[in-house]
1. Sort B:Y157, A:Y282, B:Y105 so that the residue with the fewest other Cβ atoms within 10 Å of its own Cβ comes first and the one with the most comes last.
2. In whole percent, what relative contact order does the range B:2-68 give with Cα contacts below 8 Å and a gap of six or more residues?
3. Any idea how far apart B:R65 and A:L29 come out in nm if each label point goes 7 Å out from Cα toward Cβ?
4. Calculate the dipole size of the protein assembly as shown relative to its Cα centre from +1 charges on Lys and Arg beta carbons and -1 charges on Asp and Glu beta carbons; express the result in debye to the nearest 20.
5. What size of dipole, in debye to the nearest 20, comes out for the range B:76-287 about its Cα centre when the only charges are +1 on Lys and Arg C-beta atoms and -1 on Asp and Glu C-beta atoms?
6. How do A:W200, A:W150, B:W35, A:W66 rank when sorted from fewest to most other Cβ atoms within 10 Å of their own Cβ?
7. Once you put a point 7 Å from the Cα of A:Y56 and another 7 Å from the Cα of B:V45, both along the Cβ direction, what distance in nm separates them?
8. Among B:S11, B:I154, B:F271, whose Cα sits farthest toward the positive end of the charge dipole of chain B (+1 at Cβ of Lys/Arg, -1 at Cβ of Asp/Glu, about the Cα centre)?
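Nothing in this text is a laboratory measurement; each read-out follows from the coordinates by a stated rule. The model shown is predicted, which means the values in this text are computed figures rather than measured ones. All Cβ positions, glycine included, derive from the backbone under ideal geometry; neighbour counts span all protein chains shown.
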Amino acid sequence: MIYKKLPQWFLLILPAIIILAAVILIPLLFSLYSSFTSYRLTRPDTLFNWIGTFNYEKAVKSGVFWAAFGRTILFLTIALNLEMFLGLGLALLVSRVTRGQRMLRTIMMFPMMFSPVLVGFQFKFIFNDNVGLVNNALQSLGLSNSAIPWLVDEKLAMFSIIFAEVWMSTSVFAILILAGLFSIPQDPQEAAKVDGCTPWQSFRHITLPFIMPFIFIAMAIRSLDVARAYDIVQVMTNGGPARRTEILWTLIGRTGYVDAKMGYANAMGYVSIFLAIFFTIYFFKKLNAARVELGMAR
Amino acid sequence: MNINRLSKLKSFFLKVSHHVTLFIAMSIICIPGLWIVLNSFRPTVDIMAKPPVWVPRGLNLDNYRAMFGGAGEGGVPVMQYFTNSLIISCTSTIIALFVGMAGGYAFARFRFKGKNAIFVGLLLTRAVPGVALSLPLFIVMAKTGIIDTHFGLILVYVAMNVPFTIWLIDGFFRQIPPDLAEAAEIDGCTRWQAFWKVEFPVAKAGVASAGIFAFLTSWNEYALASQLTRSTFSKTMPVGLRDFTSEFTINWGGMCALAVLLIIPALILTFIVQKHLISGLTFGGVKG
């Protein structure tokens, strides 16, 4: 029997490896191959038309690609930082509440259950220039006479998308940081108070180092799923109008499915994959460093 | 005396500003969701009204009636979508849990060469953006003929959920001292029995939280489902939301009604297990 020779651990992780290889690895290898061809969905024979690194060169020379790339980085940086700070603030606010904290925590988890595509539609509705909640409120309160084009103007559209993304994902940070705040032992805090630390000092030197690993877990979990924002952007603006909110993922989707240029789309897809992997590895390194600092390393 | 009053005043203001900030933050969290729920009960005339109608009037169930109604009345096959979503999410969650349990157990209990590298490698597969993965998957599935089927989507969601499930469950098994299972084995259990009778009951909470995450991911997923499903027989609810949009207009009321239907199961499930959810994330991550 051949499987008797295999070690037990290998048999146990084998199903995971098989399914990941079948669903993710093999398609990715295929897309790697097709990114070196001029493959078009409409003409299957072009799959064997090897054109070397032409697609990659085309992407590197394309202004549209770099604009989308830069916008993606900008979007991720702003969104992740905002989520972290707002999540920290929210967790600190909730942790000070003595009564009804359970209820607040439940409310806080509310956005986590929303489907990203639903979040997209919801904010498309709310920021709608004609019937949206925001414009209606502004006009009723007399703060603005005309309808503000939230999803048309470049800066405002970016703002709206980031708002939606932050609304959806801040709770992940808040919940985890809150869990971190509860796990802090009380003694050092009290000792600091006795020694005359200001609240800021005791936050900076006691609370913050303790919740740092929790912040990094949240970052790591978020970075695993960083492209989830695609759903929101695709629904809210789909990169438009006139590519003003085009990010890497919407550009890939449009090139692949609408223009049917699969080879070119896959080449850009690989750039986005490496970007995601970079983010993930970066935060996992940070997470491990934070664990070592707290003596929780494996 | 003066100083005393000043500090009292200061702490009073701090308290008030704390409550005000908290109230504003909670409002921002709640209002978008409540806005959707409210609008699912409003007639389209009210939604579109200029100037806006603030005090709700004439709330009714028309949007829901239209949604469940026949195709002629602007209805969408919502029950079909709901069943599709339920079948796909439940099946993929159960499979992912079994695969994840086996994997998580292996990572928590065995020592082997390249363990960390394999672990990170598994996790990285989760980081692949859905849209970048959907292009080759679309082609591969079209070639093998499992595009637009429940089976295809279940397969994809299992693969999506396995890495995260392994991560969480691994963290939970680590919490359980290995002595526990060893003691059971000495008492005459086989390793298999020891797992199911001793270790599994202890790690149940972790498995539950991993299950919720897997379910929510599959239930809410859109990027892949929107490309890999075409017909009513396999479309999931998030994809179904698109049915309310046409070239230039969106049927907001109908969409809100479907959105409410989409959110209710997720909401119920999360409320039931929210305690495990938080502990699952923290155990799996920090102490793992």
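1. Details: B:Y157 27, A:Y282 13, B:Y105 23.
So the residues, fewest neighbours to most, are A:Y282, B:Y105, B:Y157.
2. Numbers: 23 pairs, mean separation 16.7, N = 67.
Reported relative contact order: 25 percent.
3. So the two model labels end up 5.8 nm from each other.
4. Values: 48 positive and 28 negative charges, 172 e Å.
Approximately 820 debye in magnitude.
5. Values: 15 positive and 10 negative charges, 74 e Å.
Result for the range B:76-287 is approximately 360 debye, rounded to the nearest 20.
6. Values: A:W200 8, A:W150 21, B:W35 16, A:W66 12.
Arranged by neighbour count, lowest to highest, A:W200, A:W150, B:W35, A:W66 become A:W200, A:W66, B:W35, A:W150.
7. The two pseudo-label positions are separated by 6.3 nm.
8. Selected residue: B:S11.
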